[in-house]
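Quick notes on the structure that follows.
The values are calculated or read from the model by the stated rules, or taken from the named source; none is laboratory data. This structure is a prediction, so every number in the text was calculated from the model and none was measured. We place every Cβ from the backbone using ideal geometry, glycine too, and count neighbours over all the protein chains shown. Accessible surface areas use protein heavy atoms only, side chains included; no ligands, DNA or RNA. Shrake-Rupley method; radii C 1.70, N 1.55, O 1.52, S 1.80 Å.
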Protein chains: 2
Amino acid sequence: METKIKINYPSSEKVYLQGKRYPELRVGMRKVNLTPTVTFKGDVRHEEANAPVYVYDTSGPYSDPDMAIDLKQGLPKLRQPWIDGRKAGETQMYFAKQGIITQEMEYVAIRENMNCEELGITTHITPEFVCKEIAEGRAVIPANRKHPESEPMIIGTNFLVKINTNIGNSATTSGIEEEVEKAVWSCKWGGDTLMDLSTGKDIHETREWILRNCPVPVGTVPMYQAFEKVNGKAEDLTWEIFRDTLIEQCEQGVDYFTIHCGIRLKNIHLADTRLTGIVSRGGSIISKWCKVHQKESFLYEHFDDICDICAQYDVAISLGDGLRPGSTYDANDAAQFAELDTMGELVERAWAKHVQAFIEGPGHVPMHKIKENMERQIEKCHGAPFYTLGPLVTDIAPAYDHITSAIGASMIGWYGTAMLCYVTPKEHLALPDKDDVRTGVVTYKIAAHAADLAKGHPGATVRDNALSKARYDFRWKDQFNLSLDPERALEYYKASNSVDANYCTMCGPNFCAARISHSLKSCEEEK
Amino acid sequence: METKIKINYPSSEKVYLQGKRYPELRVGMRKVNLTPTVTFKGDVRHEEANAPVYVYDTSGPYSDPDMAIDLKQGLPKLRQPWIDGRKAGETQMYFAKQGIITQEMEYVAIRENMNCEELGITTHITPEFVCKEIAEGRAVIPANRKHPESEPMIIGTNFLVKINTNIGNSATTSGIEEEVEKAVWSCKWGGDTLMDLSTGKDIHETREWILRNCPVPVGTVPMYQAFEKVNGKAEDLTWEIFRDTLIEQCEQGVDYFTIHCGIRLKNIHLADTRLTGIVSRGGSIISKWCKVHQKESFLYEHFDDICDICAQYDVAISLGDGLRPGSTYDANDAAQFAELDTMGELVERAWAKHVQAFIEGPGHVPMHKIKENMERQIEKCHGAPFYTLGPLVTDIAPAYDHITSAIGASMIGWYGTAMLCYVTPKEHLALPDKDDVRTGVVTYKIAAHAADLAKGHPGATVRDNALSKARYDFRWKDQFNLSLDPERALEYYKASNSVDANYCTMCGPNFCAARISHSLKSCEEEK
């Protein structure tokens, strides 16, 4: 089945950087080519070249014009040769603890640096550093042995901040082909991982299509499928049903599981006094199970069994925050923090079995309470990566919650959160359509990049500086090509300007500050 | 001329709170009426009333169904009786320094509290407190004696964070009636002040229409009109031309002037090594004048004369940051901070003449450099209110700069900035259309409100809590009516839901966490 799903970025080339330790590695990047800066001295035209900018690329083979893509066949199995030599249970953490640098580790080290060494920028990110961070649990490479199609990426506080996007075929609102296209769509705009939150009846088949055609790691909430199996009756859930679901999804190639193991029977009552109770779907299901049976949750009781399963495939565990606050009123309350304490206990148990793990966080949190979340998470969870949903810094803007949450996401990203789960304009209201996904992903790329700048990630400023120089030079096309959404920038601009103008309609030709500022130079020279 | 420009907020009433010191004061607010929370015990329906929420209202008479509005006549002259008893030169600061509480001061005190005392919330904002803050320069009530139509509002770090919106008829892109409608449009969504940045030939008439029909304070950059008068040749500007422009605009009723008095001849060269030079229009014009004439700027030289003019009318001065950074690379550099030092000197000279003043700030600043801006401004400018443009925390997202800037705006608002100048999605690209203005205003209301929550403004949480409770109760209409943009929230929701549903399409009925969370209570009761 030939597909028309191809990705074209303007004035960009797909380039591959080679590994040193593993010369067979080819790490894909987007190279944005720029036009020269043109100046005049009198009538003499002077050109100065502008170096191309290397951009982190999540679009995989879809942006490589030399790759034929067939959705039925799936993407090339990039990681298969590396995996073939390994035994079950040999996770990235297993290797890292022995100081063994895997292909995935070198791959992500190259990928994170965006060719900045070429510009003379020093970087702390080496394959050795990656290995150490994974060994100590501060970073995760989610990469199921059964998902060899995915390109390695790393989630950790000392790396680029990543973003996750969600898709799902819930109810009857969308079809399978549409879901694959949505997955690729989110990769086009920069989604680093993809959570498939499908809840419909074709859940298995949808996931299969996505996994075989997805160049980024895929996460799920296995409880959703288990819940389907018991026809939506929480009390009918059993460990065996859940376990079989885990294995089914491990076999398919899911790279990480959100599991709400941190909910303890003794803590559920802490949510009773809340304004908005429990707003996590998985969290509310397992809480109901606990309350009906008056038993400790089987997710908590069987946590070691869960780890044993995940270790076999190198599936990472995302410890879901079932008690995350659903309103700013409930932020940082006893329920939330009691769950965090439990997660701190569980993450050490995962590490003991070489299972990579990270911790999910809120939710709705006003700005002055965000830092406490990050500091407490680092302390209680021993430096395991934090993965937050926003947080939304106010509750009063439905239809703009991509923005209310991007504010909190930027801040918590700066404070150390490793991955941000995107929020679209439809949050709280409806399922996102294609345009919502685009807006949500770009908004979260902004948050993640703002955090990278604030954290001083090596080379993070290169793109900003190149874009700003293009702006000041009136190289409009370069400005747009370097931006997170070149198509939308061009569209807005074109509606009222010519792309060759040395001003824009915001100020008009006579009031253009940049133009007057340039002329200061010539009034210097005239003297 | 009858107008169709009227504003309707859903399920809301226009209410007026009376003054105590001045019983003739009627402070307009929006009262959002809510439906009761309905619960069932078995078959017995139980209703619990939800208190109405009082919302700060910038829409003036336009949202009062009892007011007839005639654009030719202009709005009622609310403040005229108060002004009539005053002499020229008697500014709000003049009164405040003597401990005299004006009508404006009591008005803003009532307005800031949003009726929170009725809910038992204590507030530090009293007329006496307002008076003290103005006397000490920490707050400004921009209210030209010649603009009696405007409703008093206060700008200061110990008050609600305000937002400014810009409109302008630049070139031939829009007409006069359209401008008035745009002004009211921005007030509808919550703009606290309005800057008229028109640069076309009908600049005087446009401004007249806006002033006579605008319920919020109006600011301008008088240099734009002066620049028109010299046909766009910066070197032909003179103090006399500028002075006459100031007087013309004072007479019309402009409430505050952005003037780039902080640019000193000796500091201009500091921008030479910048990536993006001078990006302020007014700043670039006066810099050019200084460089061509090799003279100190007449704005700086005649600052005391400017203050004498402003004092006569009680026009506030917004010390424009002509050297604000136009890229994250240029943030917090020597040029920017040299100008800030000069502003600190000037603000004290303004205060000596009882002229109210505030300080403009950046611009483009990465997150880790934002706090330094605020702290330095407080120190160097003796606590005068700070009024920033964003700041944008990254340069790489043209078409999304309302978002890149709202991130910085929220943070700097929390740190103490008193007013945020809005940015629309078209920033850097083109003039905003109506929908861009709406998006820009709502985005900045989010930033300002997030800051209010983080600063702990009295009663700021009331709206969030009421909305979140409505969300958890499935009172969809209440949720939307309490939101910053009820129309858009409803529109997004309605596309795929019924407004009476007790779930939404995001999760579907079986996966609704709130629904399961509610059911936890009943499984408790069944025991």
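Within segment B:345-363, take every residue that is part of a helix (DSSP H, G or I) and in contact with a strand residue (DSSP E or B) (Cβ under 8 Å, 6 or more places away or on another chain) and give me the one that is nearest to B:G283 (Cα to Cα).
Per the stated criteria, the residue is B:L346.
Yes or no: B:V221 within 12 Å of chain A (Cβ to nearest Cβ), over 23 Å from B:V355 (Cα atoms), at pLDDT 95 or above and touching a helix residue (DSSP H, G or I) at 6+ places or on another chain (Cβ under 9 Å)?
When the stated conditions are applied, B:V221 does not pass them.
Step by step: first the residues of segment A:364-400, then only those that are within 12 Å of chain B (Cβ to nearest Cβ) and in contact with a strand residue (DSSP E or B) (Cβ under 7 Å, 6 or more places away or on another chain), then the one that is farthest from A:M343 (Cα to Cα). Which residue is that?
Step by step, filter segment A:364-400, then rank; the result is A:D395.
Mind checking which residues of segment A:389-405 are part of a loop (DSSP other than H, G, I, E, B) and hydrophobic (A, V, I, L, M, F, W, C)?
The answer is A:V393, A:I396, A:A397, A:A399.
Among the residues of segment B:251-280, count how many are away from chain A (no Cβ under 14 Å), crowded, with 21+ Cβ neighbours inside 10 Å and outside any loop (DSSP other than H, G, I, E, B).
3
Here is a list of conditions, (1) touching a helix residue (DSSP H, G or I) at 6+ places or on another chain (Cβ under 9 Å); (2) touching a residue at least 60 places away in the same chain (Cβ under 8 Å), and B:L197 meets all of them except one; can you say which number that is?
(2)
Among the numbered criteria (1) outside any strand (DSSP E or B); (2) under 14 Å from B:F511 (Cβ atoms); (3) touching a residue at least 40 places away in the same chain (Cβ under 8 Å); (4) open to solvent by 10 Å² or more (accessible area, probe 1.4 Å), which single criterion is violated by A:W185?
Among (1) outside any strand (DSSP E or B); (2) under 14 Å from B:F511 (Cβ atoms); (3) touching a residue at least 40 places away in the same chain (Cβ under 8 Å); (4) open to solvent by 10 Å² or more (accessible area, probe 1.4 Å), A:W185 violates only (2).
Considering only segment B:206-227, how many residues are more than 29 Å from B:Y300 (Cα to Cα) and of a type in the set (D, E, K, R)?
Here the count works out to 1.
Sort through A:D84, A:D64, A:D57, A:D70 and tell me the only one that's of a type in the set (D, E) and modelled with pLDDT under 95.
A:D70
Of the conditions (1) of a type in the set (A, V, I, L, M); (2) more than 7 Å from every other protein chain (Cβ to nearest Cβ); (3) within 22 Å of A:A409 (Cα to Cα), A:L490 clears all except one; give me its number.
(3) is the only condition that A:L490 fails.
Give just the number: which of (1) more than 14 Å from chain A (Cβ to nearest Cβ); (2) surrounded by fewer than 24 Cβ atoms within 10 Å (Cβ to Cβ); (3) touching a residue at least 40 places away in the same chain (Cβ under 8 Å); (4) not acidic (D, E) does B:N332 not satisfy?
B:N332 satisfies all of (1) more than 14 Å from chain A (Cβ to nearest Cβ); (2) surrounded by fewer than 24 Cβ atoms within 10 Å (Cβ to Cβ); (3) touching a residue at least 40 places away in the same chain (Cβ under 8 Å); (4) not acidic (D, E) except (1).
Any residue at all in segment B:293-314 that is within 9 Å of chain A (Cβ to nearest Cβ) and open to solvent by 10 Å² or more (accessible area, probe 1.4 Å)?
yes
Filter segment B:336-357 for residues that are open to solvent by 30 Å² or more (accessible area, probe 1.4 Å) and within 20 Å of B:I309 (Cβ to Cβ) and give the result.
Across segment B:336-357, the qualifying residues are B:E345, B:E348, B:R349, B:W351, B:A352, B:K353, B:H354.
What number of residues within segment B:476-501 satisfy the criterion of being among the hydrophobic types (A, V, I, L, M, F, W, C), assigned to a loop (DSSP other than H, G, I, E, B) and touching a residue at least 60 places away in the same chain (Cβ under 8 Å)?
Total satisfying the criteria: 2.
Taking the options B:K477, B:K445, B:K455, name whichever one is more than 7 Å from chain A (Cβ to nearest Cβ) and either out of contact with any Phe, Trp or Tyr (no Cβ under 9 Å at 6 or more places or on another chain) or polar (S, T, N, Q) (or both).
Among B:K477, B:K445, B:K455, only B:K477 is more than 7 Å from chain A (Cβ to nearest Cβ) and either out of contact with any Phe, Trp or Tyr (no Cβ under 9 Å at 6 or more places or on another chain) or polar (S, T, N, Q) (or both).
Here is a list of conditions, (1) in contact with a Leu (Cβ under 8 Å, 6 or more places away or on another chain); (2) crowded, with 23+ Cβ neighbours inside 10 Å, and A:G322 meets all of them except one; can you say which number that is?
(1)
Go through segment A:1-117 and tell me which strands (runs of 3 or more DSSP E), entirely inside it, have 1 or more residues that are open to solvent by less than 50 Å² (accessible area, probe 1.4 Å) and touching a strand residue (DSSP E or B) at 6+ places or on another chain (Cβ under 6 Å).
In segment A:1-117, the matching strands (runs of 3 or more DSSP E) lie at A:12-18, A:26-32, A:37-41, A:53-55.
Quick check on segment B:227-234. Is at least one of its residues touching a strand residue (DSSP E or B) at 6+ places or on another chain (Cβ under 9 Å), within 13 Å of chain A (Cβ to nearest Cβ) and part of a loop (DSSP other than H, G, I, E, B)?
For segment B:227-234, residues touching a strand residue (DSSP E or B) at 6+ places or on another chain (Cβ under 9 Å), within 13 Å of chain A (Cβ to nearest Cβ) and part of a loop (DSSP other than H, G, I, E, B): absent.
With the requirement that a residue be within 14 Å of chain A (Cβ to nearest Cβ) and either crowded, with 24+ Cβ neighbours inside 10 Å or in contact (Cβ under 8 Å) with a residue 12 or more places away in the chain (or both), what does segment B:235-250 give you?
B:E235, B:L237
Just the residues that are in a helix (DSSP H, G or I) and either facing chain B (nearest Cβ under 7 Å) or not aliphatic (A, V, I, L, M) (or both), please, taken from segment A:458-474.
Correct list: A:T461, A:R463, A:D464, A:N465, A:L467, A:S468, A:K469, A:R471, A:Y472.
If you scan segment B:406-441, which residues turn out to be more than 10 Å from every other protein chain (Cβ to nearest Cβ), open to solvent by less than 10 Å² (accessible area, probe 1.4 Å) and assigned to a helix (DSSP H, G or I)?
Answer for segment B:406-441, where residues must be more than 10 Å from every other protein chain (Cβ to nearest Cβ), open to solvent by less than 10 Å² (accessible area, probe 1.4 Å) and assigned to a helix (DSSP H, G or I): B:I412, B:V437, B:G440, B:V441.
Please determine whether any residue of segment A:377-388 is assigned to a helix (DSSP H, G or I) and hydrophobic (A, V, I, L, M, F, W, C).
Yes, because at least one residue in segment A:377-388 is assigned to a helix (DSSP H, G or I) and hydrophobic (A, V, I, L, M, F, W, C).
For segment A:442-453, name all the residues that are open to solvent by 10 Å² or more (accessible area, probe 1.4 Å) and either under 24 Å from A:E181 (Cβ atoms) or small (G, A, S) (or both).
Matches in segment A:442-453: A:K445 only.
Could you tell me whether any residue of segment B:135-158 is farther than 30 Å from B:K291 by Cα, in a helix (DSSP H, G or I) and either in contact (Cβ under 8 Å) with a residue 24 or more places away in the chain or within 13 Å of chain A (Cβ to nearest Cβ) (or both)?
yes
Only one of these conditions is not met by A:E149: (1) open to solvent by 10 Å² or more (accessible area, probe 1.4 Å); (2) modelled with pLDDT of 95 or more; (3) more than 14 Å from the chain's Cα centre (by Cα). Which number is it?
A:E149 satisfies every listed condition except (1).
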